[in-house]
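Below: the structure, in structure tokens.
The values are calculated or read from the model by the stated rules, or taken from the named source; none is laboratory data. Everything numeric in this text was worked out from a predicted model, so none of it was measured. Cβ placement follows ideal geometry from the backbone for every residue including glycine, while neighbour counts extend to all protein chains displayed. Note: accessible area is taken over every heavy atom of the protein model, side chains too, but ligands, DNA and RNA are not part of it. Shrake-Rupley method; radii C 1.70, N 1.55, O 1.52, S 1.80 Å.
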Amino acid sequence: MWILLFLTLPVCAFLLITGIFGHHLNKNLKKVTQAKALLDDANLPELSLVIPVRNEAQTLPQAVDSVLAIDYPKLQIIYVDDRSDDESPTILDNYAKNDPRMTVLHLDTLKEGWLGKVRALHTGFEQATGEWVLASDADLCFSPQLTRYALSLAVEQKLDHLAIMPKMLAKGFWYRLSLCAFGAAFMLLVRPKALMDPQSKAYTGIGAFNLIRRSRFDRSKGFEWLRLEVADDMGLGMLIKQAHGRSMLVRSCGLLTVSWYPNLKAMMHGLEKNLFAVTCGYSYLRLLATVILVLMLFFTPWLALFQPWFDWLSVVALLAIASNAYYNLSVSRISGMPTPIALFAPLGLWTLLYALMISAYKTWKQDGIYWRESFYSLDTLRKGRRVKL
């Protein structure tokens with residue numbers, strides 16, 4: 001009994017807090033459409049859109065079509081092809097021939113000491129001329145009005161960085177569960193109010209949509225400092241906060257959508273390169289602690305609930321489970337995932353835990369990671385790590 005009590009109370013306290021946090025998320029996390037007034041064409045600042053591409057031929061046409069349909073008069077579009085060996089370069093060049101707003105930069109080699117995507121972003125930012133620069137991904141679909149809403153909100157709130165959570169498109173029960181669990185874990189790291197405080201160390205970043213005020217970025221350490229950071233999206237947000245900028249994370253309200261991976265298997269493979277790094281900082285001791293924590297979070301409340309004698313501890317466990325369910329529902333509303341799936345989100349922790357173990361094992365076995373067919377040693381990655389959650 002005392003062992004169960006010792007394990008259950010801190011876990012239940014944490015799960016109860018997640019419910020409170022979910023309430024605050026719903027209350028404080030703004031929508032991208034919440035600007036009091038949209039800026040007219042004359043007052044819109046110049047915007048440069050930078051999108052790295054590597055072997056995205058399958059989804060690229062649909063994504064580029066959505067980018068070219070963006071309703072923003074002062075828009076510079078920069079695609080950076082990072083050594084693609086499929087049809088991506090040809091697709092991009094063909095689009096660029098028919099739209100003067102679009103420029104395609106081709107990188108043929110990987111610069112030593114850099115991750116490919118970070119270097120691609122760095123190259124795109126060097127060519128960007130806008131007062132604002134939007135770093136995005138090549139598999140996203142934009143609503144025509146999204147950038148106008150985003151810039152109007154950023155200007156109104158006097159921001160230096162605006163990150164937008166896309167709506168995740170996914171098929172398959174277990175894949176959706178994994179996305180819900182991933183989103184729930186990610187949102188626990190976010191403090192919406194603290195992000196807007198330039199003196200706060202809180203930061204965040206979304207690879208799908210990181211809108212940056214160029215003048216603030218130029219005061220930061222820049223991509224040279226981030227050149228070996230696998231969590232480059234979070235790192236970009238961190239750069240802005242280090243330069244005493246104001247950040248905000250908002251909901252996309254369906255105006256930005258992405259199929260992050262085509263299926264669960266592809267997601268598991270994609271997370272091999274960076275899940276161990278981001279979650280555990282390449283530390284196997286932290287990996288052990290993470291595994292123990294997940295096991296405790298999943299099992300102890302249910303053990304307390306179904307113990308032979310139903311007492312006050314069972315009631316606490318029931319409240320904790322309900323509170324965590326409310327938190328998962330809150331996150332599902334933010335990310336656009338179906339409500340019934342969110343109720344089973346804790347099951348998705350198992351797929352993420354498996355992906356984490358595989359990521360750690362492969363990193364150990366290879367003494368590093370393969371990312372986009374390039375190898376980076378573990379020692380090099382540890383020295384270049386910047387994002388520490």
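Structure summary
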{"read-out": "Matching entry among LEU356, LEU381, LEU389 (being loosely packed, with under 15 Cβ neighbours inside 10 Å and within 26 Å of MET238 (Cα to Cα))", "value": "LEU389"}
{"read-out": "Residue in the stretch 29-44 that is surrounded by fewer than 19 Cβ atoms within 10 Å (Cβ to Cβ), within 25 Å of TRP371 (Cβ to Cβ), charged (D, E, K, R) and at pLDDT below 95 present", "value": "no"}
{"read-out": "Hits in the stretch 359-374 - residues which are modelled with pLDDT under 90 and open to solvent by 50 Å² or more (accessible area, probe 1.4 Å)", "value": "TYR370, ARG372, GLU373"}
{"read-out": "Test result for THR300, touching a residue at least 12 places away in the same chain (Cβ under 8 Å), polar (S, T, N, Q) and either in contact with a helix residue (DSSP H, G or I) (Cβ under 7 Å, 6 or more places away or on another chain) or under 23 Å from LYS265 (Cα atoms) (or both)", "value": "yes"}
{"read-out": "Boolean, ILE91 is over 21 Å from PHE125 (Cβ atoms) and crowded, with 19+ Cβ neighbours inside 10 Å", "value": "yes"}
{"read-out": "Lone unmet requirement of (1) touching a helix residue (DSSP H, G or I) at 6+ places or on another chain (Cβ under 8 Å); (2) in a helix (DSSP H, G or I); (3) surrounded by 19 or more Cβ atoms within 10 Å (Cβ to Cβ) for LEU7", "value": "(3)"}
{"read-out": "Any helices (runs of 4 or more DSSP H) falling wholly within the stretch 317-389 and containing at least 1 residues that are within 17 Å of SER283 (Cβ to Cβ), touching a residue at least 60 places away in the same chain (Cβ under 8 Å) and hydrophobic (A, V, I, L, M, F, W, C)", "value": "345-366, 378-384"}
{"read-out": "Residue count, the stretch 46-84 (criterion: free of Cβ contacts under 8 Å to residues at least 40 places away in the same chain and either crowded, with 22+ Cβ neighbours inside 10 Å or part of a helix (DSSP H, G or I) (or both))", "value": "6"}
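This table checks each residue for (1) modelled with pLDDT under 95; (2) more than 24 Å from LEU381 (Cβ to Cβ); (3) of a type outside the set (Val, Ile, Thr).
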{"site": "THR257", "(1), (2), (3)": "yes, yes, no"}
{"site": "TRP260", "(1), (2), (3)": "yes, no, yes"}
{"site": "HIS269", "(1), (2), (3)": "yes, no, yes"}
{"site": "GLU272", "(1), (2), (3)": "yes, no, yes"}
{"site": "LEU297", "(1), (2), (3)": "yes, yes, yes"}
{"site": "PRO301", "(1), (2), (3)": "yes, yes, yes"}
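Conditions (1) within 24 Å of THR33 (Cα to Cα); (2) free of Cβ contacts under 8 Å to residues at least 24 places away in the same chain; (3) out of contact with any Gly (no Cβ under 9 Å at 6 or more places or on another chain), marked per residue:
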{"residue": "LEU162", "(1), (2), (3)": "yes, no, yes"}
{"residue": "LYS171", "(1), (2), (3)": "no, no, yes"}
{"residue": "ARG176", "(1), (2), (3)": "no, no, no"}
{"residue": "PRO198", "(1), (2), (3)": "yes, no, no"}
{"residue": "PHE217", "(1), (2), (3)": "no, no, no"}
